[in-house]
Amino acid sequence: MRTRKLLTFLLIAAIAAAMIVPAALADDAFYIDEEDAVTPTPTATPGSGQGSDTPAVDPSRDGKYWLDVALWHAGVNQASMGNIAFKDIKALLTTSGGAYKLYVGTRPVEASGYTTAITEVALPGDSAASGLATVLEGSFTTNTKFDGIAHVLTTVRVFELTLPNTTTEYINIRFKVPYTPMDAVGAATDGWLDARLRVYWQSATEAPANAELDPPTTIAKGTSSLDTSSGTGSGDAEGAPSYDGTDKATGIRVTAGEGIIPEGAELEVSEIKEDASDDKSKAAYESAKTALEGTAAKFALYDITLLSGGAEIQPDGTITLRVPIPEGFDKSKAALYRINDDSTATLIKGNVSGDVYIASLTRLSLYAIAEGFEAVASPADKFADIAGHWAYDYIRYAVERGLFAGVSETEFAPDGTMTRAMFVTVLGRIAGVDIEAYKGTAFDDVPEGEWHSAYVKWASEKEIVSGTGEGKFEPDASVTREQMAAILHRYAKFAGTALKTDDVSPFEDAGEISAYAKDAVDAMARAGIINGVGDGRFAPEDTATRAEVATLLSRFTQEYAA
């Protein structure tokens with residue numbers, strides 16, 4: 001069954017690429033295939049030893065084997081955020097004279113709009129493996145999501161480990177994956193992130209004698225909790241429905257996709273104030289005060305936990321945390337910090353949406369929403385043409401979340417238009433469409449081989465679009481407001497998204513809405529996604545501006561994509 005997973009932050013820079021100019025889509029410069037993402041555990045492929053007493057790998061003879069591996073969390077039973085870099089890559093094991101060499105491949109990744117790759121791998125002193133060496137290097141250029149700059153990285157495509165045997169399941173390892181929100185996590189360790197390499201020995205299959213590891217250089221896409229609905233599916237949370245819990249007293253909300261939080265789990269939030277009476281709360285407040293000294297002018301502190309069966313648990317993957325910004329705080333200076341046991345603070349990068357701070361997390365503990373001494377820099381600040389615009393907050397949110405890029409380094413062009421082909425391509429990339437699976441033509445004016453052809457074919461086959469009549473799609477025409485509503489509404493149906501049905505007043509010009517779009521406009525208005533243009537009007541035939549599309553997609557992702 002299709003779930004919100006299809007609506008997660010695959011919105012990311014797929015949209016950014018689609019909305020700059022068609023050429024950005026034509027050359028696939030940014031995103032090629034389908035969180036800091038938690039990805040599903042590889043499914044072990046039965047080898048010769050599956051279900052028998054014979055080991056999957058025979059250490060007594062020389063040979064080569066293909067194996068499934070995964071990057072696993074250092075201290076929690078779940079896949080690591082960096083596991084997406086190992087997507088669809090088999091490791092290669094060689095056994096020779098009692099020596100066991102494991103060759104592991106990685107690839108560039110995209111999550112939450114950030115593109116990056118593993119640049120270094122190391123073994124800590126307690127690792128079971130030895131003799132780590134980089135066998136194959138590559139080069140990758142990030143997008144500008146992190147700081148407005150494209151960074152050229154020398155990456156690790158294949159690294160080699162010497163293993164002590166053919167049974168050790170977990171190997172302690174360290175890696176660097178720069179220019180993402182994970183930089184905050186690795187700030188105290190010079191960018192190094194601790195993890196475990198998990199080897200699925202029973203997945204082993206024999207490889208030919210001349211087999212060599214040559215991992216793909218295409219970008220593996222994942223999700224992060226700013227957007228995420230995917231988890232590892234391990235532990236008690238496996239098969240659990242998507243989670244949405246709100247603490248009524250504080251307004252703090254936690255959402256997660258399937259398999260991340262067990263069904264029936266309860267969100268428990270305690271606000272800790274300076275005048276707390278119990279010793280534990282007093283100590284927690286003093287720890288936060290020490291951690292944020294010189295960083296924050298003021299803060300509100302919360303102990304956030306999940307309870308399942310009366311016991312405290314941690315999410316089994318990435319979640320989205322929404323924390324209301326306290327009244328009187330300067331939103332432009334708002335930031336979220338995790339308060340650590342050693343009275344230090346870790347900045348949790350996120351976005352301000354209205355009066356709420358939205359962030360991606362993999363664990364819950366003590367968090368402080370703080371007002372810093374200076375305004376928090378935003379990648380949207382470089383766009384001089386959005387200052388004072390009615391959609392400023394939505395545009396800023398969309399840019400910060402990687403939904404949009406500008407038309408130049410200094411211009412966003414909020415009142416510019418967007419074509420029908422661009423809009424459909426955006427949705428296709430959200431859905432992770434395999435463009436190789438959609439050949440041929442769906443409309444007379446969309447020949448095969450155009451940058452948008454496969455996406456239009458997909459949207460037609462999935463009944464997301466039906467064309468403009470007489471076998472035409474009009475790909476270069478600007479998408480109208482009613483077309484935008486109709487296409488997104490059909491996409492929501494395709495993705496199995498349950499939209500809200502709030503009561504709303506009908507638009508004054510409802511009679512001007514085309515018959516095919518009436519139900520869609522009504523549904524999207526009730527869902528809180530579409531508003532009018534003023535005076536109670538919807539203006540169905542007006543072309544949708546970039547600001548309007550940014551607003552639409554920001555509302556959609558805020559409410560339904562996490």
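General observations
- 21 Å Cα-Cα threshold exceeded, pairs from Lys145/Lys289; Lys64/Lys90; Lys176/Lys382: Lys145/Lys289; Lys176/Lys382
- Of Ile530, Ile325, Ile313, the sequence from fewest to most neighbouring Cβ atoms within 10 angstrom is Ile313, Ile325, Ile530.
- Under Stokes-Einstein, with the Kirkwood radius over Cα pairs as Rh, the value for region 62-159 at 37 °C and 0.692 mPa s is 218 µm²/s.
- Förster-model FRET efficiency, 35 Å R0, Ala209 and Glu436, C-beta, rounded to 0.05: 0.65
- Derived scalar couplings ³J(HN,Hα) [region 506-518; Karplus, 6.51 cos²θ - 1.76 cosθ + 1.60; whole Hz; x for Gly, Pro]: x, 5, 4, 9, 4, x, 8, 6, 4, 4, 5, 9, 4
- Other residues whose C-beta falls under 15 angstrom from the C-beta of Asp444 contribute a net charge of -3, scoring Lys and Arg +1 and Asp and Glu -1.
- A Cβ-based charge dipole, computed about the Cα centre of region 314-409 with Lys and Arg at +1 and Asp and Glu at -1, lands at about 220 debye.
- In straight-distance terms, cross-link reach from Lys439 covers every one of the lysines whose alpha-carbon lies under 26 Å from its own, apart from those fewer than eight places away in the same chain; here that gives Lys5, Lys87, Lys221, Lys457, Lys462, Lys472, Lys493.
- Other-chain or far-sequence residues with amide H under 5 Å of Phe507's (modelled H): none
- Two-site label geometry, Phe373 and Glu271: point separation in nm, points 7 Å out along Cα→Cβ: 2.7 nm
- Cα-based shape type of region 288-382, given that a ≥ b ≥ c are square roots of the gyration tensor eigenvalues and the cut on a/c is 1.5: prolate
- Phi-based couplings in Hz for region 354-366 (Karplus 6.51, -1.76, 1.60; Gly and Pro marked x): x, 9, 10, 9, 10, 9, 9, 9, 10, 8, 10, 6, 9
- Bridgeable lysines around Lys331 (alpha carbons under 17 Å apart, same-chain partners fewer than 8 residues away excluded): Lys298, Lys349.
- With each label modelled as a point 7 angstrom along the Cα→C-beta vector, the Asp126-Ser96 pair spans 3.3 nm.
- Neighbour-count order for Asp502, Asp244, fewest beta carbons within 10 angstrom listed first: Asp502, Asp244
- Rounded, prolate or oblate (a/c below 1.5 giving rounded, otherwise prolate when a/b exceeds b/c) for region 240-287 by Cα gyration tensor: prolate
- Each Lys or Arg adds one and each Asp or Glu subtracts one; over the other residues with Cβ under 13 Å from the Cβ of Thr154, this totals 0.
- Cut-off 11 Å between beta-carbons: net charge of the residues surrounding Ala527, Lys and Arg +1, Asp and Glu -1: 0
- Val356 long-range amide H proximity, modeled H, under 5 Å: Ile325
- Phi-based couplings in Hz for region 270-282 (Karplus 6.51, -1.76, 1.60; Gly and Pro marked x): 10, 7, 10, 10, 4, 8, 4, 8, 8, 5, 5, 5, 4
- Of every Cα-Cα pair in region 478-562, the percent that sits beyond 21 Å: 20 percent
- Distances between placed amide hydrogens fall under 5 Å for Ile219 paired with Ile32, Asp33, all partners being 5 or more residues away or on another chain.
- When each of Glu160, Glu482, Glu436 is scored by the number of other beta-carbon atoms lying within 10 Å, the sequence from fewest to most is Glu436, Glu160, Glu482.
Any read-out appearing in this document is the output of simple, stated calculations on the displayed coordinates, not a laboratory observation. A quick note: this is a predicted structure, and the numbers were derived from the prediction, not measured. Positions of Cβ are backbone-derived with ideal geometry, glycine not excepted, and every protein chain shown enters the neighbour counts.
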